[in-house]
Amino acid sequence: MSSEASAGEPDAGLLARRRTRLALATMLALLLAITAAGVFATYRLYSSAENRYVKEAFPLRLVARDLMVQMLDEETGVRGYVISADPASLQPYHGAQARVAADLAELERLTARRPEIAAQVRSTGRRADAVDAYLRRQIALVRGGRAGRLRAESQVLGGKARFDRFRAGATALGNHADQIVAEAKSEQRHTFWRTLFLIMLLAAGAAAIGVAMLVQLPARLYELYRGEQEARRRAERGDRASRSLEHVQEAVVLVDADDAVRYWNPAAASNFGIPEDGALGRPIRSLVPELRAVEPSLARVGTARVPVHRDGRNSWFAVSESRFADGRVLVLRNVTGEQQLERARADFLATASHELRTPLAAVYGAVRTLMRPDRAPDRDGDRILLAMIEEESERLRGIVEQILVASQLDRGRLTLDRQTCELRQLGASVLASARVRATDKHTFVLDAPSDVEVECDPARLRQVLANLVDNALKYTPGGGSIRLGVSRPNGYARIEVEDEGIGIAPEAQARVFEKFYRVDPDMHTGVGGSGLGLFISRELVEQMGGKMTLRSRPGAGSTFVVDLPRSPR
């Protein structure tokens with residue numbers, strides 16, 4: 001029963017083929033109907049175009065003839081006035097003047113698109129002006145009395161010559177109108193037959209295409225179906241890809257050929273502070289204006305780096321671009337951290353080269369002096385030079401030590417030897433060492449009780465305090481008091497290193513603990529440094545469970561505060 005039903009039912013593919021053929025046959029019939037309509041429309045176009053040309057040409061001829069008649073009226077009126085001296089004879093002249101001006105204006109309008117006839121119209125206008133000027137002189141002579149009248153009569157032949165030249169120009173305009181009509185008819189006939197031939201040719205081609213489709217298309221329906229299935233699968237993959245892009249950290253932007261945004265993933269919305277609804281359809285350059293500066297680099301190599309200013313801060317993005325036929329895809333990866341690291345590396349190279357150059361130059365100069373063959377023995381001088389070499393070598397060792405400690409801190413490989421440390425004794429030792437490097441203008445004050453102990457690495461804490469005291473010395477070049485105080489507020493041991501130096505500007509206080517940062521990078525105040533001391537000091541204090549802060553006012557000195565947990569007794 002089921003088999004018979006299946007055999008009686010038409011095959012689905014055959015049914016689709018029949019429907020397709022019926023649709024294509026209908027299309028072919030419509031194509032033939034369109035062709036017939038095109039032929040009819042072409043004929044109508046020919047007729048209407050011919051009428052339009054004729055309507056343009058006939059007014060030209062009529063206006064030219066009317067212009068000649070009006071000029072003839074002007075001449076007749078003036079001639080009668082010359083003969084009779086009766087002002088009433090000028091009535092035709094005055095009436096025709098306005099018509100002449102109107103006819104000339106109409107001729108200029110009709111020939112605005114035909115420069116070859118417009119030149120003839122302008123020439124005719126000039127001749128009409130010449131005739132009119134002659135007629136005005138005749139009127140003026142007659143009004144001057146008998147003598148003027150006789151003179152006017154004697155100039156009639158001159159007026160006739162002017163009028164003949166005008167008549168020749170007006171006649172030429174009429175001939176141009178007849179020529180336009182003839183040319184229009186000839187051109188429209190050619191246009192009609194050319195258009196008819198083209199339409200018939202296109203119709204034949206369309207018919208051939210339709211027949212070919214009737215024969216071939218049904219056999220390709222299955223291929224089209226398979227293509228549609230594949231397109232659906234691609235669309236599903238694209239949808240999955242789009243959903244995946246919503247979770248990537250890079251900003252992904254799809255831009256069409258007109259540079260309008262068509263896709264804006266959540267990372268782009270987060271990085272640039274513009275939601276997807278506010279970005280779609282807008283030009284990418286209005287959303288991220290900074291991209292204009294790197295367009296040449298993107299077009300040349302496909303990648304670039306650009307700073308983007310948002311909410312008062314600069315973020316760096318690595319931009320890569322992929323172009324395709326309908327637009328391009330931009331991927332913007334936030335590389336602010338990498339840029340800061342690169343800047344830190346540059347700062348390190350600049351600082352290290354500057355700080356190492358001075359002691360190396362001193363050591364090199366002292367050694368070259370000691371090695372001079374022409375130098376006489378000088379034990380005191382040798383002692384001074386060797387002391388200089390020792391001092392500058394110690395300075396080099398300190399710089400290298402700071403770099404190594406900073407590297408160990410960055411990699412988390414610095415270990416602390418924790419012991420119980422008594423702060424007054426440690427502070428006294430630090431100040432004793434500092435007095436050797438101080439001038440007689442500096443005074444040191446130790447303000448510390450003898451019973452404050454902390455759990456720390458004594459060598460590292462001494463390094464922190466020595467660095468703070470050395471900074472106090474450097475930034476009090478004119479001398480002053482340097483105080484190292486110890487107190488114990490709220491269960492902490494507080495160490496304060498206070499100076500009376502030049503102080504630190506408010507905008508610099510937030511950055512003094514950054515790696516390689518120096519308050520005076522160009523050494524305008526003559527104070528050098530590697531820019532690592534405060535960074536290392538704070539990192540060491542934090543690893544010992546404490547914190548470091550700063551209080552300062554420009555011109556009133558600075559106070560660095562170290563808070564460490566007190567050691568339980």
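Considering only region 474-499, state which residues are touching a helix residue (DSSP H, G or I) at 6+ places or on another chain (Cβ under 7 Å) and either more than 15 Å from Met548 (Cα to Cα) or open to solvent by 70 Å² or more (accessible area, probe 1.4 Å) (or both).
Selection gives Ile482, Asp499.
When the residues of region 424-473 are filtered to those that are among the hydroxyl-bearing types (Ser, Thr, Tyr) and either surrounded by 20 or more Cβ atoms within 10 Å (Cβ to Cβ) or touching a strand residue (DSSP E or B) at 6+ places or on another chain (Cβ under 9 Å) (or both), which remaining residue is nearest to Ile502 (Cα to Cα)?
Among those that are among the hydroxyl-bearing types (Ser, Thr, Tyr) and either surrounded by 20 or more Cβ atoms within 10 Å (Cβ to Cβ) or touching a strand residue (DSSP E or B) at 6+ places or on another chain (Cβ under 9 Å) (or both), it is Thr443.
Against the conditions (1) at pLDDT 90 or above; (2) over 24 Å from Asp440 (Cα atoms), where does Pro568 fall short? Just the number, please.
Tallying (1) at pLDDT 90 or above; (2) over 24 Å from Asp440 (Cα atoms), Pro568 fails exactly one: (1).
Out of region 115-140, which residues are in contact (Cβ under 8 Å) with a residue 12 or more places away in the chain and touching a Leu at 6+ places or on another chain (Cβ under 9 Å)?
Ile117, Gln120, Val121, Thr124, Gly125, Ala128, Ile139
Mind telling me which of the residues Gly533, Gly546, Gly555 ends up being open to solvent by less than 50 Å² (accessible area, probe 1.4 Å), over 42 Å from the mean Cα position of the chain (by Cα) and at pLDDT below 90?
Gly533
Between residues in region 405-427 that are free of Cβ contacts under 8 Å to residues at least 24 places away in the same chain and residues that are of a type outside the set (D, E, K, R) and not in a helix (DSSP H, G or I), which pairs lie under 6 Å by C-beta distance while being six or more apart or on different chains?
Short answer, once both residue conditions are applied: Gln408/Leu414.
Select from region 256-311 the residues that are closer than 18 Å to Asp326 by Cβ, part of a strand (DSSP E or B), free of Cβ contacts under 8 Å to residues at least 24 places away in the same chain and open to solvent by 20 Å² or more (accessible area, probe 1.4 Å) and list them in ascending order.
Tyr263
Conditions (1) open to solvent by 20 Å² or more (accessible area, probe 1.4 Å); (2) among the hydrophobic types (A, V, I, L, M, F, W, C), marked per residue:
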site: Pro92; (1), (2): yes, no
site: Arg99; (1), (2): yes, no
site: Ala118; (1), (2): no, yes
site: Ala140; (1), (2): yes, yes
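Identify, by number, the condition in (1) buried (at least 19 other Cβ atoms within 10 Å of the Cβ); (2) modelled with pLDDT under 90; (3) touching a helix residue (DSSP H, G or I) at 6+ places or on another chain (Cβ under 8 Å) that Phe513 doesn't meet.
Exception for Phe513: condition (1).
Does region 46-58 contain at least one residue that is at pLDDT 75 or above, open to solvent by less than 40 Å² (accessible area, probe 1.4 Å) and hydrophobic (A, V, I, L, M, F, W, C)?
no
Checking Ile502 against (1) touching a residue at least 40 places away in the same chain (Cβ under 8 Å); (2) open to solvent by less than 20 Å² (accessible area, probe 1.4 Å), only one condition comes out false. Which one?
All conditions pass for Ile502, except number (2).
Just to check your reading of the model, which residue among Glu276, Glu250, Glu290, Glu295 is under 13 Å from Val331 (Cβ atoms) and not aliphatic (A, V, I, L, M)?
Glu250
When Ala147 is evaluated against the numbered criteria (1) within 60 Å of the chain's Cα centre (by Cα); (2) surrounded by fewer than 15 Cβ atoms within 10 Å (Cβ to Cβ), which criterion, by number, is the only one it fails?
The number of the failed condition is (1).
Which of the residues that make up region 551-568 are in contact (Cβ under 8 Å) with a residue 40 or more places away in the chain and farther than 10 Å from Glu498 by Cα?
Arg553, Pro554, Gly555, Ala556, Val562, Asp563, Leu564, Pro565, Arg566, Ser567
The values are calculated or read from the model by the stated rules, or taken from the named source; none is laboratory data. As the structure is a prediction and not an experimental result, all values here were calculated from the model. Reconstructed Cβ throughout: ideal geometry from the backbone, glycine too, with neighbour counts over all protein chains shown. Ligands, DNA and RNA are excluded from the accessible area calculation, which covers all protein heavy atoms including side chains. Shrake-Rupley method; radii C 1.70, N 1.55, O 1.52, S 1.80 Å.
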